[in-house]
Amino acid sequence: MLSFFPTPYPDEILYSVFARYHARSGNIKPDETLQELFNSRNIIVRPDLPYNLSYLIKNLPLLSQHTLESLIQKHTLYPMYAVFMPDSKSAILGYMKGELGTYIYRGIASSVYLPKYFRFCPKCLFEDLHTFGEAYWHRLHQTPGVLVCTIHDVVLNDSIVPIWNNKWYQVGIASLENCPISNVTRNYSESTKEWLRLIASDIEWLMTCDFKSLPSKELDWFHIQYIVLLIKRNLATLDRQVYEQGLRQKFLSFYGSEFLEALGINVSNNNINLFKIFRLHLE
Ligand SMILES: [Zn+2]
């Protein structure tokens with residue numbers, strides 16, 4: 001049993017809590033930390049959907065108030081995956097609780113791209129240092145599609161800590177050293193910033209909403225909603241044939257290439273995979 005476990009800060013990603021535990025534990029070898037937290041020296045500590053979490057819960061100090069559900073719901077990217085992958089919701093939860101977490105990445109979660117480096121908001125960084133005496137990685141800032149801080153309305157910076165790092169010993173905590181403020185901040189046009197604000201707020205809402213009480217929607221439900229909207233805009237026929245060229249043009253002119261490129265969508269590539277979501281699987 002652990003003698004202590006750092007209390008997660010508001011919207012702190014669980015990975016950041018593990019990194020803080022490692023830094024405070026005094027452990028020299030990173031696999032000692034893994035053994036203490038997860039009963040295994042060989043697991044990969046994933047930033048978005050960590051696994052072996054039922055072992056972690058059993059290892060927590062006696063009076064710990066944490067539950068598996070609250071850690072997953074409030075401190076991992078699970079809520080975002082769960083909204084868009086209704087069929088796989090319970091499978092993801094099962095993997096995160098148990099030892100088979102690596103299977104998550106071979107299927108459903110393999111097409112979601114996280115940022116290259118942990119991101120931070122310079123204003124949040126200083127506020128956290130002031131309020132808590134230390135910095136931490138915010139979950140929302142690491143979520144795909146979120147490029148601005150919804151509290152301070154500033155563009156997020158890249159830290160120097162790679163987000164995908166299979167080597168636990170290179171894990172980095174959020175700190176002034178790891179978060180160089182002098183990094184050149186990306187500059188976006190006002191219209192792109194407006195889109196970035198909107199998408200960041202929407203994602204924040206998705207991440208913090210409690211969808212448990214709502215019935216799960218199958219993927220085809222989402223497909224049909226989009227097709228109906230396209231038909232209303234004369235971008236699809238009644239028998240669900242999408243006018244791909246027209247849709248592509250409207251999509252690009254509506255969002256603008258700067259915004260799409262900011263999200264990592266290569267607009268010069270004629271094969272933008274816009275149309276996957278319109279493919280039905282009703283048969
Ligand atoms: Zn901020």
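Residue by residue through segment 50-63, what is 3J(HN,Hα) from phi via Karplus (6.51 cos²θ - 1.76 cosθ + 1.60, θ = phi - 60°)? Round to whole Hz and write x for glycine and proline.
x, 10, 6, 6, 5, 5, 4, 4, 5, 8, 5, x, 3, 8
When only C-alpha pairs under 8 Å and at least 6 residues apart count, what is the relative contact order of segment 117-207, in percent?
Here the relative contact order equals 34 percent.
Multiply the residue gap between ASN234 and ASN59 by 0.36 nm, knock off their C-alpha separation, and tell me the result in nm, one decimal place.
57.3 nm
Along the charge dipole of segment 117-207, which of PRO162, ASN187, ALA200 sits closest to the positive end, that is, farthest toward it, with unit charges on the beta carbon of Lys, Arg, Asp and Glu (+1, +1, -1, -1)?
The listed residue farthest towards the positive side: PRO162.
What number does segment 117-207 give for Rg over Rh if you use C-alpha atoms and the Kirkwood radius? Please report the intermediate quantities before stating the final value.
Numbers: Rg = 13.3 Å, Rh = 13.7 Å.
The Rg/Rh ratio comes out at 0.97.
Any idea what the dipole of segment 117-207 comes to, in debye rounded to 20, about its Cα centre with Lys/Arg Cβ at +1 and Asp/Glu Cβ at -1?
240
Add +1 for every Lys or Arg and -1 for every Asp or Glu among the other residues with Cβ under 12 Å from the Cβ of THR208, and state the total. Before the final figure, lay out the partial values.
Values: positive: LYS74, ARG139; negative: ASP11, ASP202, GLU204, ASP210.
Combined, the nearby Lys, Arg, Asp and Glu give -2.
Given R₀ = 41 Å, what would the calculated FRET efficiency be for LEU252 paired with LYS123, taking r from the Cβ atoms and rounding to 0.05?
Using R0 = 41 Å, I get an efficiency of 0.80.
Sequence-distant or interchain residues sharing an amide H contact under 5 Å with TYR117, placed H: which?
So TYR117 has HN proximity to ILE163.
Here, each number is a calculation from the coordinates, and none is a lab measurement. All of these numbers come straight from a predicted model, not from anything done at the bench. Note that each Cβ is placed from the backbone with ideal geometry, even for glycine, and that neighbours are counted across all protein chains shown.
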